[in-house]
1. Test A:Asp164 against the stated conditions and say whether it is more than 17 Å from the chain's Cα centre (by Cα) and acidic (Asp, Glu).
2. If you go through region A:103-115 one residue at a time, how many are in contact (Cβ under 8 Å) with a residue 12 or more places away in the chain, in a helix (DSSP H, G or I) and open to solvent by 10 Å² or more (accessible area, probe 1.4 Å)?
3. Restrict the check to region B:242-262 and report whether at least one residue is in contact with a Gly (Cβ under 6 Å, 6 or more places away or on another chain), of a type in the set (Asp, Glu), touching a residue at least 24 places away in the same chain (Cβ under 8 Å) and in a loop (DSSP other than H, G, I, E, B).
4. Would you pick out the residues in region A:263-273 that are assigned to a loop (DSSP other than H, G, I, E, B) and under 20 Å from the mean Cα position of the chain (by Cα)?
5. If the requirement is being in contact with a strand residue (DSSP E or B) (Cβ under 8 Å, 6 or more places away or on another chain) and either of a type outside the set (D, E, K, R) or more than 10 Å from chain A (Cβ to nearest Cβ) (or both), which of these qualifies: B:Leu40, B:Leu44, B:Leu54?
6. What are the residues in region A:53-87 that are hydroxyl-bearing (Ser, Thr, Tyr) and either open to solvent by 30 Å² or more (accessible area, probe 1.4 Å) or assigned to a loop (DSSP other than H, G, I, E, B) (or both), if any?
7. Which of the residues spanning region B:195-241 are open to solvent by less than 30 Å² (accessible area, probe 1.4 Å), part of a helix (DSSP H, G or I) and of a type in the set (A, V, I, L, M)?
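The values are calculated or read from the model by the stated rules, or taken from the named source; none is laboratory data. Please read all numbers here as calculations on a predicted model, not as lab measurements. Cβ atoms come from the backbone with ideal geometry, glycine included; neighbour counts cover every protein chain shown. All accessible areas refer to the heavy atoms of the entire protein, side chains included, with ligands and DNA or RNA removed. Shrake-Rupley method; radii C 1.70, N 1.55, O 1.52, S 1.80 Å.
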2 protein chains.
Amino acid sequence: MTCHMMTRAERAQLAMMLEVCAFPKPGNVDRCHDYDTTRLEHFLASTIFARPALEEAERGEGRLGEIIRHAVSATNCHGGGNTHFGAFILLIPLVYGGTIAGALKAIGRTDVSDAVAFYRAFAMTSVRVHADDELDVNNPRSLQILRERDMTLLDVMQHSAGNDMIAREWVTGFPLTRRGADLLKSLGTGRGAIAQAFLTLLASEPDTFIIKEHGTEAARGVVTRARDVLDGKVAIETFDAECINSGINPGSIADILIAAIYIALGEGWEWDF
Amino acid sequence: MTCHMMTRAERAQLAMMLEVCAFPKPGNVDRCHDYDTTRLEHFLASTIFARPALEEAERGEGRLGEIIRHAVSATNCHGGGNTHFGAFILLIPLVYGGTIAGALKAIGRTDVSDAVAFYRAFAMTSVRVHADDELDVNNPRSLQILRERDMTLLDVMQHSAGNDMIAREWVTGFPLTRRGADLLKSLGTGRGAIAQAFLTLLASEPDTFIIKEHGTEAARGVVTRARDVLDGKVAIETFDAECINSGINPGSIADILIAAIYIALGEGWEWDF
């Protein structure tokens, strides 16, 4: 068996693929569950189409904001909508920089052109922030404000860190990504470890995507229920059904899990169980 | 939504992904079923790792035999064993040539170096032909015989066409690939059409992979059972369970289906239902 070294881009694609296949992941698309308009195949098509942008990141040329825009643009060509916006925000600096430390260095070098490119990427998705925020992507003046204030993409993330756990990863040095990777390594190999790491993150952090869509109360409820499952008080199938019935989809924790799988794979964690 | 044109390599990857996700596909790995040692994730990892070889084919440089060897080598790096050998034999000339006609032209230009490279690829898989055949990959003299007889890769396929339906596609102009693509287009969009096309091919052609593993009788039995399902006499779940219980895996028809999806996608068939 002649084996080639996996490239970072391939490792990122592998992380995206492994995350969406792992099951059960309460409330999310997984091997056992689709949403009506976003299905397993959409996530896997995005995994395939993301490669050129991930390779661009791996070459370490170009600018982070523009590469994120390329990734969103390339994966936006199917009916499943935005599948990996949050994952790209984490993966692209990680692939670019090679490690968390390298990612933070690259993040520190972003400028207003990255912020503008990122807003252009944002505008291609249906993800929304706060309508009453002057920096909301829906505000037609937002690009002008970014330029007037000469905001870097890191400044933008700083602005959003309070209510977005993906932005918070940029600002605080990828602590949940790191925790997820450590969890995977402690939990064993393959899909079982992925599903368990997902549940464990869910039980410890309110998902900010749920907060945006359903409010803080709902997000806290998910943390409590995930703990109940970990404590053996509730069956995971029950929790999954509850999430699905209330349209609750812990999307940001899934994005962080992808980044965690990427890091863990780079540190020798075995996906092939 | 800014959309890029899908490359041929991406289209081939999409075909590989869509085929393995579609369900139910009696006896095969699909969204609802793994084998103990070969799982959904292995097929999808191969889909990711195949890209450089598929891009090589798309550039139309290099030689078919060598590109097939690269594809097998790149996708052999996981514990799931050979997942797509037959699919690569079909996809690589199709990606290389752009169309079935183009593929046949490329196939006509193969020489003994392609045959030798193909045998090297073959030796990396656990697929076996006929132990009593002097051209069997296990015969240590087989490469020497290829060279002595100056056999092209098309000659090798001609040699195998009698008992291998993948080889037969090369020799006879991809008739089952063509039929599969037409079936998909007549059956509608997405995964439902894929599963139905699989069953329809299964009901019309004995799978030579089953013949090699279980004999002609077993392969004919699968054709009959698939017809029973199409006629509404047997539930597809029953047929699926029968295949799994007897370890029957219609692998060659799955490979042909991948090539059919590739062709259909190129002709405007919609995967996104």
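1. no
2. Of the residues in that region, 4 qualify.
3. No; the residues of region B:242-262 include none that is in contact with a Gly (Cβ under 6 Å, 6 or more places away or on another chain), of a type in the set (Asp, Glu), touching a residue at least 24 places away in the same chain (Cβ under 8 Å) and in a loop (DSSP other than H, G, I, E, B).
4. Selection gives A:Glu267, A:Trp269, A:Trp271.
5. The conditions single out B:Leu40.
6. A:Thr75, A:Thr83
7. If the condition is that a residue be open to solvent by less than 30 Å² (accessible area, probe 1.4 Å), part of a helix (DSSP H, G or I) and of a type in the set (A, V, I, L, M), then B:Ala195, B:Ala197, B:Leu199, B:Leu201, B:Leu202, B:Ile210, B:Ala218, B:Ala219, B:Val222, B:Val223, B:Ala226, B:Val229 are the ones that fit.
Table: residues versus (1) more than 17 Å from the chain's Cα centre (by Cα); (2) at pLDDT 95 or above.
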| position | (1), (2) |
| --- | --- |
| A:Thr83 | no, no |
| A:Leu90 | no, yes |
| A:Ala106 | yes, yes |
| A:Val112 | yes, yes |
| A:Phe118 | no, yes |
| A:Asp133 | yes, no |
| A:Leu146 | yes, yes |
